[in-house]
Amino acid sequence: DGKPIPNANKTPFANDPHDPSKTISGKKPEVPGYHPESGNVGDTVDPDPNDPGKDVKVKYVKDQGSVKVVYHDDTTNTDISGVGYDSGEANDGTSVGYTTDANMSTLNGQGYVYVSTDGTIPTTVTGNQNTTVTVHMKHGAQEITPNTTTDQVPKTQDGNTVVNPHALKKEVSLTVSYENSDDKGFTGTIPTNASQTLTFTGTAYVDKVTGQMVNATTENGHLVVDNKNTATPKITWTGDKTSFDGVKSPVEQGYYLANISDHADGNNVAAIPNINKDSNSINVTVTYNPVGNIIPVDKDGHQIHGTTPTPFPNDPNDPTKTTSGTKPEVPGYHPESGKVGDPVDPNSDPSKDVAVVYVKDQGSVTVVFHDDTVNTDIKGVGYNSGTVDDGTTVNYTPDKTVSNLENQGYVYVST
C-alpha cells in the first residue's frame, strides 16, 4: 500500500565523494519477515538524480510459504484423494498443527499399508519455501483360504467378493464296495483303505483396497500387492496327496472273487495316480460268486437224499481260488473209492461243483446153532438176513429154536 513497514529503518544514500551536491546508489536492505517485491536483497537502488534529498521507496512483501502433505498410492502410482494437508500460502512462522495419525488410521482401515515418508513434516511455515512431504502407501493383500470367513474377504467397490472361501476346497474320493452276486451280505473283512479321500485346498490373494484378485508379496512384514508381477492372478491349489493307494481284496468265506469293475491290478484294486482337484470321485465294485461244492451222489449221479453240499475251502492267499476239501461223512453211505476224509480237489473253475460217488452201507446177520459135543453146526435151524442195508430191522429170536432143540435132547450152553 506504499506505507512504511513497521520497525524497518530507513537507509540513507551515501554521499558522492566527488560531488557534495550528489548521492550515490545504495542497496536494497534486509528487512526481517519481508523480501523485495522484485529483485533481491542487495540489489542496487539509485537515488533521484534531480533531488538528492528525496526518499526512494522500495516495495517489499511479507515472507510467505506453504506446507503440503500428500499421500501417494505406490501400487497405482497416483495420489490418494481425500486425505493429506495443505496450509496454503501462510506467513513465515505460521504453526503447522498436523500429524498423520488420523489419515493413516483411515487408510489402514481402507486396506492400505504404510511404506515410507519423504522428508519430515515441519512444525511451522518457512517464508519463501513451499514444502511438500509425500507419504507412500501400498495396497495391502489378503490371503484367502477355505478357513477364511466370508466377512474377512475384501469387497469390490460395488460390494461384491471375487473369491468364495467355500469354493477353495475340493475333495475327491475312492470308494471300493464289496458284494456277493447272490445278494447275501458281504461278511469279509473290508480293508481300512477301501474308502479314501484326497483334499485339495486353494489359496488366493485379494487386494484389500479394490477387492480384486492379485499377486502378492511380503514387504517389511506386510503382505502387499505385487505390482511387479504382471502374470494373471490365479488360485494356487495344493493337495494332501495326488494318488490313491492300492486296495488289497479280502477273502470272502464261501465265495471267490469274480470281477473288479475298474482299476484292477490282478486280484486287487490298483493304486491310482495323477489325481487333481478336477478329478472325479471313483467308485469300484468288487464282486464275489459262490464257490463250488462237494456233492455226495449215488451211482446214478443223483444227490443222495438228506445230504448238504460242502463248499470248497477258500484259498487264504488268493481270493479268486479255492483249495482241496475232504470227502464228507454221509450216514448210511461210504465213498465208492477211498474213505471219508480223503482229499477232493476243486475244479479249475472255482464255481463248479464236484460230485463224489457214494454207495450204501450194507451187511448181514447170521445166527448159527453149534453142537459143541461133535463140534459141528446143527443143520436146518438158525437165521440169515442176507445182505441188507444199514439199519434194516432183524426180527429174529432164538427162543423157539432152543426149545425145539432141547426137546430133541440138546442142552443149551451159551450164546
Report summary line: Within region 335-360, the residues that are closer than 23 Å to D389 by Cβ and among the hydroxyl-bearing types (S, T, Y) are S337, Y358
Requested in this report: Can you give me the ranges of the strands (runs of 3 or more DSSP E) entirely in region 172-267 with at least 1 residues that are within 30 Å of V153 (Cα to Cα)?
Outcome: 195-207, 216-219, 222-225, 236-239
**Report entry** Members of region 16-35 that are open to solvent by 40 Å² or more (accessible area, probe 1.4 Å), part of a strand (DSSP E or B) and under 30 Å from G65 (Cα atoms)
**Finding:** K27, Y34, H35
Query raised in the report: Does region 40-53 contain any residue that is over 30 Å from Q212 (Cα atoms), assigned to a strand (DSSP E or B) and either touching a strand residue (DSSP E or B) at 6+ places or on another chain (Cβ under 7 Å) or of a type in the set (A, V, I, L, M, F, W, C) (or both)?
Result: yes
Query raised in the report: Restricting to region 153-167, what's the tally of residues that are open to solvent by 90 Å² or more (accessible area, probe 1.4 Å), more than 21 Å from the chain's Cα centre (by Cα) and over 11 Å from V209 (Cα atoms)?
Result: 1
Query raised in the report: Given the conditions (1) touching a Pro at 6+ places or on another chain (Cβ under 8 Å); (2) of a type in the set (D, E, K, R); (3) at pLDDT below 95, and given that K169 satisfies all but one, which numbered condition is not satisfied?
Result: (3)
Query - Of residues in region 145-168 being assigned to a helix (DSSP H, G or I) and aliphatic (A, V, I, L, M), the one farthest from Y205 (Cα to Cα) - result: A167
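Of the residues T210, T131, which is touching a residue at least 24 places away in the same chain (Cβ under 8 Å), buried (at least 18 other Cβ atoms within 10 Å of the Cβ) and of a type outside the set (A, V, I, L, M)?
Result of the check over T210, T131: T210.
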Query raised in the report: Can you find even one residue in region 62-84 that is exposed (fewer than 11 other Cβ atoms within 10 Å of the Cβ) and under 25 Å from G127 (Cβ atoms)?
Result: no
Query raised in the report: Quick check: is even one residue across region 296-317 open to solvent by 60 Å² or more (accessible area, probe 1.4 Å) and on the phi > 0 side of the Ramachandran plot?
Result: yes
Report task. Kindly check whether there is at least one residue in region 277-285 that is of a type outside the set (V, I, T), more than 27 Å from P165 (Cβ to Cβ) and in contact with a His (Cβ under 6 Å, 6 or more places away or on another chain). Result -> no
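The values are calculated or read from the model by the stated rules, or taken from the named source; none is laboratory data. Treat the numbers as computed from the prediction; the structure is a model and nothing was measured. FYI the Cβ positions are ideal-geometry reconstructions off the backbone, even for glycines, and counts take in every protein chain you see. Side chains are part of the model used for accessible areas, which takes the heavy atoms of the whole protein and leaves out ligands, DNA and RNA. Shrake-Rupley method; radii C 1.70, N 1.55, O 1.52, S 1.80 Å.
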